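Down below is the structure, laid out as structure tokens.
Derivation of every value follows stated rules applied to the coordinates shown; laboratory data play no part. In this text the structure is predicted, and so the values were computed from the model without any measurement. Positions of Cβ are backbone-derived with ideal geometry, glycine not excepted, and every protein chain shown enters the neighbour counts.
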């Protein structure tokens with residue numbers, strides 16, 4: 001069964017047959033070899049960003065969030081909800097430009113509670129300005 005990605009992540013799991021007449025034109029364009037015309041055109045470029053230097057050069061942003069941390073106050077304990085945007089440039093300076101993005105999470109620690117369980121969200125630059 002063929003699956004189509006028309007740029008919409010919700011529809012990418014649907015079979016091409018269930019996407020209506022649009023799927024027929026997509027298949028026809030793909031078989032003719034004109035992938036840059038009509039609905040078959042994609043504004044997304046697949047590129048491998050694996051290191052901090054790749055992410056820095058591509059203009060990515062990184063956000064960090066504490067996961068299940070606990071802040072000890074004077075009389076009570078509260079769940080840590082600390083989050084911040086990390087500077088890619090500072091990460092390149094401190095970790096090295098060849099640091100793999102996959103290994104970055106293990107080296108992070110929440111500055112508020114000291115928890116090592118940190119979630120990293122990598123935010124690629126918006127492609128909306130290139131679509132026009």
What spacing in nm lies between the two simple spin-label points modelled at residue 89 and residue 76, each 7 Å away from Cα in the Cβ direction? 4.1
Given the C-alpha centroids of segment 76-115 and segment 49-74, what is the distance between them in whole angstrom? 5
Nitroxide proxy distance, nm - points 7 Å out along Cα→Cβ at residue 98 and residue 56: 1.5
